[in-house]
Amino acid sequence: MLITSKLPSTGTSIFSVMSALANKHNAINLSQGFPNFDCSERLIELAAKYMRKGFNQYAPMPGVPVFRQRLAEKIKRLYGVEIDPDMEITVTSGATQALFCAISAFVKPDDEVILIEPAYDSYRPAVEINGGIPIAYQMQAPDYKVDWKMLVRLITWKTKMIVVNTPHNPTGKIFKNGDWAELQAIAEDRDILVLCDEAYEHIVFDGERHRSLLSYPKIYSRGLAVFSLGKTLHATGWKLGFCVAPPRLTKEFRKVHQFNVFSVNTPAQYAVAEFFDDPAEYEQLNAFFQKKRDFLLAAMEGSRFSPVHSEGTYFQLFDYSAISDEPDTEFAKRMTIEHGVAAIPVSVFNSSKQDDHIIRLCFAKKEETLAKAGELLRKI
């Protein structure tokens with residue numbers, strides 16, 4: 001049988017490649033973005049509590065009502081926005097599933113979708129599998145700022161959506177008010193949807209705050225915001241996220257969601273709803289992760305790696321130009337094999353494979369892990 005691939009250029013992800021390499025060579029894995037410490041013991045106890053109480057069957061398709069209500073309260077607390085939990089919040093199996101459903105719900109064959117690169121690797125395949133055409137806008141190192149006057153030149157009558165990400169993976173940059181003002185003018189004038197990946201909403205540093213799409217009513221009227229509770233709870237394996245969108249967009253989003261996963265882990269939703277009774281469970285995350293970022297930077301002092309300032313996420317970029325002129329993929333593999341620390345090469349986030357000799361390290365790790373990684377990398 002002749003099989004024609006819908007994703008002919010897609011192979012094994014760099015995350016799987018680098019993790020496998022780290023395991024093979026017993027290297028410290030700072031490549032994949034997940035913590036090597038456990039989530040809250042209280043959260044685990046709450047999940048077990050609801051399992052024992054019999055909350056083990058299908059949840060309602062949009063999510064458990066009390067959980068969606070708690071998320072609406074959290075949004076109001078953080079962003080001062082009134083969100084209808086019944087009509088505007090859908091619980092998803094992580095942020096990636098929400099992103100896929102959002103793109104699938106609105107992107108038709110030959111629609112163009114602007115992706116701001118470096119870009120998280122799930123955006124492009126989701127566009128392509130729905131017959132859309134990804135159009136890349138390339139940010140430049142080391143500032144990684146969007147020149148909106150250049151981006152607008154990529155827009156045509158076929159442009160359906162712009163995908164944005166703040167705080168940004170992999171660069172660690174965040175949107176400011178000026179970025180949202182520019183994007184609002186572009187989207188309104190041309191009737192374009194905006195999909196915002198806000199997986200790292202609670203990980204912003206140096207006294208800055210996260211500026212959510214939800215805080216800008218004119219953009220929200222044509223936008224969808226996606227969040228990751230896996231990042232918020234240090235529990236990426238729970239695959240728990242949610243999408244917030246106006247009712248008319250949520251209606252279309254749920255049409256796809258119901259046939260994709262239908263519903264999401266029931267006891268986990270009840271557990272997190274009760275866990276969020278205490279806002280401190282998420283309000284302390286900025287300080288928690290800034291301490292880890294600063295610890296990694298201190299551990300890297302004296303090395304030949306040059307840091308690129310991280311404003312958010314749990315990633316820190318380092319320029320290795322003073323060490324080698326190798327392509328970043330080769331350097332990252334050699335660093336894993338010869339020096340015992342695995343990283344992600346940033347060129348893989350660019351469809352053009354633009355290589356600025358920069359790697360990404362994840363600092364969502366125990367301090368002893370970061371200290372050992374710094375010790376090894378200072379020797380290069």
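The values are calculated or read from the model by the stated rules, or taken from the named source; none is laboratory data. Keep in mind that what you see is a predicted model, and the values were worked out from it rather than measured. Ideal geometry is used to build each Cβ from the backbone, glycine not excepted, and the neighbour counts take in all protein chains shown.
Here are a few things to note about the model shown:
- Taken as a whole, segment 196-218 holds at least one residue that is closer than 21 Å to TYR123 by Cβ and part of a strand (DSSP E or B).
- Any hit, segment 269-289, residues being over 22 Å from the mean Cα position of the chain (by Cα), among the aromatic types (Phe, Trp, Tyr) and under 29 Å from ILE359 (Cα atoms): no
- Some residue of segment 31-40 being touching a residue at least 12 places away in the same chain (Cβ under 8 Å), outside any loop (DSSP other than H, G, I, E, B) and under 21 Å from LEU361 (Cβ atoms): no
- Taking the criterion of being in a loop (DSSP other than H, G, I, E, B), touching a residue at least 40 places away in the same chain (Cβ under 8 Å) and of a type in the set (D, E, K, R), the residues of segment 142-191 that qualify are LYS158, LYS173.
- Options ARG77, ARG68: the member that is part of a helix (DSSP H, G or I), at pLDDT 95 or above, in the same structural domain as LYS231 (by TED's automatic domain parsing) and surrounded by 15 or more Cβ atoms within 10 Å (Cβ to Cβ): ARG68
- Apart from one condition, SER324 fits all of (1) crowded, with 16+ Cβ neighbours inside 10 Å; (2) more than 24 Å from GLU73 (Cα to Cα); (3) of a type in the set (Gly, Ala, Ser); the exception is (1).
- In segment 331-370, the residues that are more than 22 Å from VAL164 (Cα to Cα) and in a loop (DSSP other than H, G, I, E, B): GLY340, ALA343, HIS357, PHE363, ALA364, LYS365, LYS366
- Lone qualifier among ALA235, ALA225, ALA199 - being without any contact (Cβ under 8 Å) to a residue 60 or more places away in the chain and assigned by TED's automatic domain parsing to the domain that holds CYS101: ALA225
- Leading residue by the ranking (nearest to TYR220 (Cα to Cα)) among those in segment 95-124 that are of a type in the set (Gly, Ala, Ser) and either outside the structural domain of ILE155 (by TED's automatic domain parsing) or surrounded by fewer than 24 Cβ atoms within 10 Å (Cβ to Cβ) (or both): ALA105
- Residue among LEU249, LEU240 that is hydrophobic (A, V, I, L, M, F, W, C) and either outside the structural domain of ASP189 (by TED's automatic domain parsing) or under 14 Å from the mean Cα position of the chain (by Cα) (or both): LEU240
- Candidates VAL272, VAL308, VAL261 - the one that is touching a Pro at 6+ places or on another chain (Cβ under 6 Å) and among the hydrophobic types (A, V, I, L, M, F, W, C): VAL308
- Within segment 250-267, the set of residues being in a helix (DSSP H, G or I) and of a type in the set (Val, Ile, Thr) comprises THR250, VAL256, THR266.
- Test: residue in segment 315-326 that is of a type in the set (Phe, Trp, Tyr), more than 30 Å from PRO60 (Cα to Cα) and assigned to a loop (DSSP other than H, G, I, E, B): yes
- Among the residues of segment 231-277, those identified as of a type in the set (Asp, Glu) and touching a helix residue (DSSP H, G or I) at 6+ places or on another chain (Cβ under 6 Å) are GLU252, GLU274.
- Residue match in segment 298-313 (condition: in a helix (DSSP H, G or I), crowded, with 18+ Cβ neighbours inside 10 Å and in contact with a helix residue (DSSP H, G or I) (Cβ under 8 Å, 6 or more places away or on another chain)): yes
- GLU88 acidic (Asp, Glu), surrounded by 15 or more Cβ atoms within 10 Å (Cβ to Cβ) and closer than 30 Å to GLU283 by Cβ: yes
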